[in-house]
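The values are calculated or read from the model by the stated rules, or taken from the named source; none is laboratory data. Everything numeric here is computed off the predicted structure, so don't read it as measured data. Cβ placement follows ideal geometry from the backbone for every residue including glycine, while neighbour counts extend to all protein chains displayed. All accessible areas refer to the heavy atoms of the entire protein, side chains included, with ligands and DNA or RNA removed. Shrake-Rupley method; radii C 1.70, N 1.55, O 1.52, S 1.80 Å.
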Amino acid sequence: MDENRNPFNPGAGVSPPELAGRAEVMQQAMTALERTRRGRHAKSLLVLGLSGVGKTVLLNEIARQAGERGYLTEMVEAQDSGDLRQMLLHSVRRILLRQDGGKQAVEAVKKGLRVLRSFLGGITVSAGGVDITLGVDPEIGQADSGVLEADVTDLLLATGRAALAVQKPVALLIDELQYISKEELAALIRAIHAVNQAGLPLILFGAGLPQLAGQAGDAKSYAERLFEFPRLDRLNEADACAAIQQPVEDEGARIERAAVQEIFRQSHGYPYFLQEWGYNAWNACDGDLIRLADVQAATAISLRKLDASFFRVRFDRLTPGEREYMRALAGLGTESQRSSDVAAKMGRKASSVAPIRDSLIKKGMLYAPEHGMIAFTVPLFDAFMCREMP
Ligand SMILES: Nc1ncnc2c1ncn2[C@@H]1O[C@H](COP(=O)(O)OP(=O)(O)O)[C@@H](O)[C@H]1O
Ligand SMILES: [Mg+2]
């Protein structure tokens, strides 16, 4: 069918035509937004899930809906080598500059800017090649201690107070939160805790790999009571079928039941793969009815594309030792395996391969579904490993 009308969107952070199977977590987020707006206590959400399950598009959707509800929103992505100070500096600056209101309110915003100026401290920061000037003096004694935790807390409190004064709640969204260091995570959690206690209309939505829950707990033991940790996973059959069928029908085309089921079987309901298969099946189809044969053609194309890009970039990031570990795991089957069995397959002691296993978890390639077990984060990666290293 006409490629220009193809509704599917395989990629990173690009919205699917149908956000299937996420009604519950969206509802949770909307309740948190509504309560925060009313100055009521609400837990911030840290959305967990493996890569490609749809965390980023979910955060985008939350940001969009927050905007519709009168929120000022800022979304940032933490980087591997990033710096929380820089990240907050830019987002808080943009928020404060967008806050306007009555006379009294302006004072709270100005104070926010002065606290931000203190937070800036000695570091020169540039945005788009231009040094940032805030046009205000620092607020002495606020956000200038040099202690990250105290300074981030001062900054977010000042931002929350400004939000209250101008009656515009703030939603801060941070993607890839697993990348920030323990000290930074502790500072962020402490600051959100203080904002909550003060009943200020500022809420955090984070997203990250599953290990983020543990990282948050290690950084601050009370994190589990401060946050909800909704878990995104592969879609079940009904949701996956809706994710395929609905967009096709919205374009005035049709898809056979057997074709939808085959897409589910091949993709394992994994959101990224659903888009990839849907996209290729659409293009492979001649009439306006997508048939099983079109999906079978799409499978060959999808696997070729994944091998050349999605799987390839992940594979390229691995050290030889890590590749060997991944290959041994793949050789044991598609299910999760005991770590000790993987070590045995490599002919090594479990303790000697533990560092490799840990670094693969850190890179988001593997995860531990339960203690002592190990599994691929991405479906079909095992088959790729066997193709790549026969
Ligand atoms: N609920 C969903 N239903 C269908 N497709 C989805 C859904 N969520 C995400 N996708 C698709 O999956 C792919 C990956 O989404 P993304 O948000 O980048 O994942 P993550 O941030 O978890 O790595 C995108 O192509 C997106 O369109
Ligand atoms: Mg993402």
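Being part of a strand (DSSP E or B) and at pLDDT 90 or above is a property that Val92 lacks. For Thr31, the conditions (1) of a type in the set (Ser, Thr, Tyr); (2) within 16 Å of ligand 2 (Cβ to nearest atom); (3) in a helix (DSSP H, G or I) are fulfilled apart from (2). Inclusion of Glu77 among residues that are open to solvent by 20 Å² or more (accessible area, probe 1.4 Å), within 17 Å of the chain's Cα centre (by Cα) and of a type in the set (Asp, Glu) is warranted. Just one of the listed residues (Ile203, Ile263) is outside any strand (DSSP E or B) and either within 16 Å of ligand 2 (Cβ to nearest atom) or buried (at least 19 other Cβ atoms within 10 Å of the Cβ) (or both), and it is Ile263.
Lys43 meets all of the listed conditions (1) open to solvent by 10 Å² or more (accessible area, probe 1.4 Å); (2) within 16 Å of ligand 2 (Cβ to nearest atom) but one, namely (2).
Filter region 2-19 down to the residues that are closer than 23 Å to Glu176 by Cβ and either hydroxyl-bearing (Ser, Thr, Tyr) or open to solvent by less than 20 Å² (accessible area, probe 1.4 Å) (or both) and list them by number. Selection gives Ser15 alone. Screening Val125 on (1) at pLDDT 85 or above; (2) in contact with a strand residue (DSSP E or B) (Cβ under 9 Å, 6 or more places away or on another chain); (3) away from ligand 2 (no atom under 16 Å from the Cβ) shows it passes everything except condition (1). Checked against (1) polar (S, T, N, Q); (2) surrounded by fewer than 24 Cβ atoms within 10 Å (Cβ to Cβ); (3) within 25 Å of the chain's Cα centre (by Cα), Gln167 passes all but a single condition, namely (3). Within region 49-76, the set of residues being within 10 Å of ligand 1 (Cβ to nearest atom) and out of contact with any helix residue (DSSP H, G or I) (no Cβ under 6 Å at 6 or more places or on another chain) comprises Leu50, Ser51, Lys55, Thr56, Val57, Leu58, Leu59, Asn60, Glu61. Entry remark, region 306-322: residues being surrounded by fewer than 17 Cβ atoms within 10 Å (Cβ to Cβ) and either touching a Gly at 6+ places or on another chain (Cβ under 6 Å) or not polar (S, T, N, Q) (or both) number 8 in total. Taking Gly82, is it open to solvent by less than 50 Å² (accessible area, probe 1.4 Å) and modelled with pLDDT under 95? So Gly82 fits the description; yes.
Open to solvent by less than 40 Å² (accessible area, probe 1.4 Å), closer than 23 Å to Leu274 by Cα, modelled with pLDDT under 95 and away from ligand 2 (no atom under 16 Å from the Cβ): is that true of Met26 in this structure? No; evaluated as a whole, the condition is false for this residue. Taking region 213-240, which residues are under 18 Å from Pro379 (Cα atoms) and either buried (at least 17 other Cβ atoms within 10 Å of the Cβ) or among the polar types (S, T, N, Q) (or both)? Once the filter is applied, which keeps residues that are under 18 Å from Pro379 (Cα atoms) and either buried (at least 17 other Cβ atoms within 10 Å of the Cβ) or among the polar types (S, T, N, Q) (or both), region 213-240 yields Leu232, Arg234, Leu235, Asn236, Asp239, Ala240. Within this structure, Ala344 fails the test of being more than 25 Å from Val53 (Cβ to Cβ), modelled with pLDDT of 90 or more and touching a Lys or Arg at 6+ places or on another chain (Cβ under 6 Å). Regarding Gln65, is this residue surrounded by fewer than 22 Cβ atoms within 10 Å (Cβ to Cβ), within 15 Å of ligand 2 (Cβ to nearest atom), more than 24 Å from Val248 (Cα to Cα) and more than 11 Å from the chain's Cα centre (by Cα)? Criteria not met by Gln65.
Checked against the criteria, Ile174 does not count as touching a Pro at 6+ places or on another chain (Cβ under 8 Å), at pLDDT 90 or above and under 15 Å from Val47 (Cα atoms).
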